[in-house]
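Each reported figure results from applying straightforward, stated rules to the coordinates on display, with no laboratory input. Not measured: the values here are computed from a predicted model. Virtual Cβ from ideal backbone geometry, glycine too; neighbours counted across all protein chains shown.
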Amino acid sequence: MKIFPENVSTYGQEIDNLFWMTFGFVMVAFVISLFVLFYPLVKNHHSKVKKATYFTGESKKHFRWITIALVILAMSDFIILFAEHDTWERIENIPTGNDLHVGITGRQWNWIFTYPGPDGKINTADDVVIDEQNSELHIPVNKNVIFELRAKEVLHSLFIVNTRLKQDCIPGRMNTRWVNITKEGTYDISCAEICGVMHSKMRNFLVVESQEKFDQYVKTLYEKNAPATSSSNNR
Amino acid sequence: MSDTLHKKSFFRKYLFSTDHKVIGMQYTITGLFMAAVGGFLAYVFRYNLAYPGDHIPLFGELGAQQYNSFVTCHGMIMVFWVAMPILLAGFGNFLIPTMIGTDDMAFPILNMMSFWIFLLSTIVLLASFFVPGGAFGGGWTMYPPLSAGGYTNPNPDFFKAFFSGASLMILAVALEFVAMLMGGINFLVTTINKRTKGMTPFRIPLVVWFINIATIIFMFSVGPLVAGAVMLLFDITVGTGFYDPARGGDPVLFQHLFWFFGHPEVYVLLLPAVGAIGEILSVFSRKPLFAYKTIIYLALLSAILSVVVWAHHQFVAGIDPRMATFFSVGTIIISIPFAGIFLSYMATLWGGSIRFTVPMMWALGFIGTFLVGGLTGLFLGSNAFDIYAHDTYFVVAHFHYTLFPVVFFGFFAAFYFWFPKFVGKNLNPALGKIHFWCTTVFFNGTFFLLFFNGLGGQHRRINDFSLFSNVVKEPYITFEKIATISAICLILSQFIFLYNFVTSAVRGKKAVKNPWDANTIEWVADSPPPHGNFNPYPEVFRGPYDYSLPGEESDFIPQNVPHTNENIPVLKVKLSVS
Amino acid sequence: MNLIQQRLSVPVIKVPQGRLGMWILIAGELVIFGGLIACYLLSRLRYPEWAEQAAHTSTFFGALNTVVLLTSSFTIVKAHEAALKKELTKVTIYMSATIIGGLAFLVNKSIEYTNEIHHGFTFSSPQLQESGNYVGSLFWSFYYLMTGLHATHVVIGMIIMTVILIQARKGKNLHRVELAGIYWHMVDLIWIFLFPLLYIAK
């Protein structure tokens, strides 16, 4: 059985590795603690040891085992922190190149996708907006894609399991996140923050396809959207 | 003692009593009743998760809105109406006056009012199930804008908005805070001011220390949330826009206020339970609690640290990345003092003469299960992994592995330990052991597999996973079913406890004064302690943990026994284990 | 053994119980107001146009209320002093003066509220919202919440003082005069924070 679902993003593997590294530390700590807990239970049962040994543990000498354990714990804590900090920075730092920006807006209860219009820029009048249940967000494979995350009325949280990406969408704010998906396919986009009655029905699809197919898809979108575009140009 | 105190009508004695023991009992029983309510809610939605859409025995069909309400109220009830009254108010009321050797709380009438306000809050909460629209279903964190109805109506009808699930729940929480604040004032003043002669700070038993530290954390952190809750209440009822982003407000502000309280709250619940466990471990190892003073300092340190970790609940809320790093460091560092406390507890066992009584088994079970909860916290503390794990069942399993041991193992350990003292009857130990093993096995069965579900990407608060291809497959479906069946068994095994409780209280054998050979001075009083507890007041001559003192015949010396010449130079004794 | 003998437990810190309880209550109250003030400051720092709305508050009434409250704090101190000397008439006079001070504060406050409501500044300020002035409506929400919560404390303080006054006139529970004084000083202290935040910083 696989612990994690299939990973398809460039940074997803790092998050999985981070889990396994922490898991290593935790298992060592767990096994040692269980030993420390159970050994005296077996050895010092009152049928074997009639009178306990008196020590208060207040002196440094007594406390030294715990001090050592705590120092080791602190060191492993900091190893985990340093390891995760790199990953955190990579996910938090949005690439600054000339990448595709896509708007994702949460509403009750589906995700709204916004593609930049023919001018290639998002948040302009000619944007293409898809707002329907079970709609698909198409993005090209192996490219950095930047999500501009917003929410309409209540909090939502973008969660794409296979990319390990999760980010809250907050009304009145824009959060940006990026993703670079290495494998073509269709993935679930779900909402991880309770947003009302139909929270569990809030699911759309992320379709990752080659650049050519993506260009073709966007072209059809523009054609479908053409009347709206021309009217906005006339204005 | 004046006889008038004993001759009171039933109402004065059991309902409007100012006696701390009766008030403690009232809190505990209300808490247990609410635990039954919370447990029933858990049963209903767990059943729905394993068998979505099925008819639920004893309930019926569960709709999506009801599912949300039930999940929300389960969380609310278990934290604020079970854990708080039992661990803070119940333990505090029973243990503080008896363990520091006084007759009652500093302000008995305030204490009584505290309970009645608490009861009012309980009624308001339960009433919220019956208003139009049902109980609030936006998660126990009450995040606006959802809790304010998405701000669809800026000019709400006051009465209609007031009698809605959301605003009644906020009101109930606010009342509960007031009750606990009143109790908290009492605990602190009583401990500072009403100690018996000779009860110096470092002769106070650990659990009293911990209840007071918990009270201080509570009183320090709850203020901003009280203000925040009032603001949210006005947002709902009169149409202000404190958290409405469209009107200049900021929904994230509420998250900060909530978690500024919400995270310290975990330590508020944790510390009283941990303190009680410490007492029990020491008694049944027949050994002094290892590093008693150091544990107190570590607890104070963790209390300070606990107020600088709150934003780890918001790693994915779009807070400043540098801030997130700061809170990540804080979160992971707080593991150190707690590891120190728990290692000291384990060190108490070493070299002891261990008796496996029922309270001891609960205490050991507490350490074992809490270990899993504490260690899984390390995963979540690192903010990069939290991006994935946030709001998944990994988090659910993690906090149930911390809070279930704290609330239930901690309570049951204390219950089986102090029942002979405060009820005056002996419990049936065989039933207690069966109860322990059933609870431990089924608790682990309920929550352990959910870690895997969480790592598989199953997110929280979803009543029907059929749309999500990642989790609607084996083995996750089987895991859900195992979890549900275990949860049902877990709830059923609590009837053993109930049976034991009722039969023992009614026709159990009369308990002796000090059945466990313990040192702390509540065991000097009669069982059950009369009104006024002690007659005469004991004078305290020594610390609470003089077990197995070398050169003494008895392996325990209660705190009210004066030093004799032989056992004064305690620290100079040569030690064989070091 | 009678009840008085029962209270043998020796306080280790020599602070009277009531005073200690009052201090802890105040500590709890201050964090509530602290949280509220922190929220206010965060919102204020977010919006530069905040000051325009704050300009509508009446500094005159604010200052007058400050003077009234400070004076009433002075009289309650005098009442405490008299209570220590057990001069019952003076206790009655000074405590009544404090209660009247609280009453004057509330009268001022209600005149001020009336003026503001006439200008359309209410708790949720629908008029401002309709004109799109959301920052303004947020300011007034904070204004009414903070001053309202403070005024609630004034009312509670007046009730407490009335109860204590009735007992103190007959020489009963004179130590409680001091507790009322501590509480009243807290009310005063909170106002000292609210006054510059709401009335002066424009």
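Listed values, structure above:
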{"quantity": "Taking B:VAL283, B:VAL131, A:VAL71, B:VAL506 and counting other C-beta atoms within 10 Å, the order from fewest to most", "calculated": "B:VAL506, A:VAL71, B:VAL131, B:VAL283"}
{"quantity": "For the stretch B:85-97, 3J(HN,Hα) per residue [Karplus equation, 6.51 cos²θ - 1.76 cosθ + 1.60, θ = phi - 60°, Hz, x = Gly/Pro]", "calculated": "x, 6, 7, 8, 6, x, 4, x, 5, 5, 8, 4, x"}
{"quantity": "Net length gained if the chain between B:VAL441 and B:GLU539 were fully extended (0.36 nm per residue, minus Cα distance)", "calculated": "30.9 nm"}
{"quantity": "Debye, to nearest 20: dipole size of the protein assembly as shown, +1 on Lys, Arg Cβ, -1 on Asp, Glu Cβ", "calculated": "4100"}
{"quantity": "Restraint check, A:LYS61/B:LYS287; A:LYS43/B:LYS425; A:LYS121/A:LYS219; C:LYS85/C:LYS170; A:LYS50/B:LYS509; A:LYS121/A:LYS224, Cα-Cα greater than 24 Å", "calculated": "A:LYS43/B:LYS425; A:LYS50/B:LYS509"}
{"quantity": "Ratio Rg/Rh, restricted to the stretch B:1-95 and using Cα atoms, in which Rh is the Kirkwood radius", "calculated": "1.22"}
{"quantity": "Overall Cα dimensions of the stretch C:18-200 - principal axes, largest extent first, Å", "calculated": "60, 30, 22"}
{"quantity": "Stretch gain in nm, segment B:PHE162-B:PHE326, where the contour uses 0.36 nm per residue and the Cα spacing is subtracted", "calculated": "55.1 nm"}
{"quantity": "Calculated over the stretch A:100-234: convex hull of Cα atoms, volume per residue (Å³)", "calculated": "101"}
{"quantity": "CD proxy at 222 nm, helix term only [per DSSP H run n ≥ 4: -39500 (n - 2.57); per residue of the protein assembly as shown; nearest 500]", "calculated": "-19500 deg cm²/dmol"}
{"quantity": "Order of B:LYS513, A:LYS2, B:LYS21 under a 10 Å beta carbon neighbour criterion, fewest first", "calculated": "A:LYS2, B:LYS513, B:LYS21"}
{"quantity": "Coil-residue trypsin sites (Lys or Arg not before Pro) of the stretch A:17-125, DSSP, other Cβ within 10 Å capped at 15", "calculated": "A:LYS48, A:LYS50, A:LYS51, A:LYS121"}
{"quantity": "Global size of the stretch A:12-92 as Cα Rg and Dmax, reported in angstrom", "calculated": "18.7, 60"}
{"quantity": "Those aspartates and glutamates that a straight Cα-Cα span of less than 19 Å connects to C:LYS172, excepting residues fewer than 8 apart in one chain", "calculated": "C:GLU81, C:GLU87"}
{"quantity": "Point-charge dipole on Cβ atoms (K/R +1, D/E -1) for chain B, about Cα centre, debye to 20", "calculated": "1200"}
{"quantity": "Label-point separation, A:ILE94 to C:THR89 (7 Å along Cα→Cβ), nm", "calculated": "7.7"}
{"quantity": "Positive dipole terminus of the protein assembly as shown, leading residue within B:ALA172, B:PHE16, A:LEU206 (C-beta point charges)", "calculated": "B:PHE16"}
{"quantity": "Pair B:PHE202, B:TYR297: separation of 7 Å Cα→Cβ label points (nm)", "calculated": "1.0"}
{"quantity": "Set of the stretch B:517-541 residues, backbone N closer than 17 Å to the point 7 Å along the Cα-Cβ line of B:GLU553", "calculated": "none"}
{"quantity": "Potential lengthening between C:PHE193 and C:HIS119 on full extension [0.36 nm per residue; Cα-Cα distance subtracted]", "calculated": "24.1 nm"}
{"quantity": "Alpha carbon centroid spacing (whole Å) that separates the stretch B:279-357 from the stretch A:139-192", "calculated": "36"}
{"quantity": "Test item: Cα-centred dipole of the stretch A:100-234, Lys/Arg +1 and Asp/Glu -1 on Cβ, debye", "calculated": "380"}
{"quantity": "Leading residue at positive end of dipole, the stretch A:100-234 (Cβ point charges), from A:TRP109, A:ASN225, A:HIS156", "calculated": "A:HIS156"}
{"quantity": "Normalised contact order of the stretch A:1-157, rounded percent, pairs of Cα under 8 Å and 6 or more residues apart", "calculated": "19"}
{"quantity": "Selection from C:LEU197, A:THR22, B:ALA83 lying farthest towards where the dipole of the protein assembly as shown points positive, charges on Cβ", "calculated": "B:ALA83"}
{"quantity": "Cβ-derived FRET efficiency at R0 30 Å, B:GLU474 paired with A:ASP131, nearest 0.05", "calculated": "0.30"}
{"quantity": "Rh by Kirkwood over Cα pairs, then Stokes-Einstein D for the stretch B:361-467 at 1.002 mPa s and 20 °C, µm²/s", "calculated": "140"}
{"quantity": "Over the stretch B:85-167, volume per residue of the alpha carbon convex hull, in Å³", "calculated": "127"}
{"quantity": "Gyration tensor (Cα) of the stretch B:69-113, equivalent ellipsoid semi-axes in angstrom", "calculated": "29, 11, 4"}
{"quantity": "Chain A - Rg (one decimal) and Dmax (whole number), Cα, Å", "calculated": "26.1, 96"}
{"quantity": "Percent breakdown of C-alpha pair distances by 10 Å bin, ordered from the shortest bin, for the protein assembly as shown", "calculated": "2, 10, 18, 22, 20, 15, 8, 3, 1, 0, 0"}
{"quantity": "Residues B:ASP54, A:ASP168 arranged by fewest to most Cβ contacts within 10 Å", "calculated": "B:ASP54, A:ASP168"}
{"quantity": "Averaged over C:29-41, number of beta-carbon atoms from partner chains that fall within 10 Å", "calculated": "6"}
{"quantity": "Equivalent ellipsoid, chain B (semi-axes from 5 times Cα gyration tensor eigenvalues, Å)", "calculated": "40, 27, 24"}
{"quantity": "The stretch B:289-330: projected area of the alpha-carbon convex hull, averaged over directions, in nm²", "calculated": "3.4"}
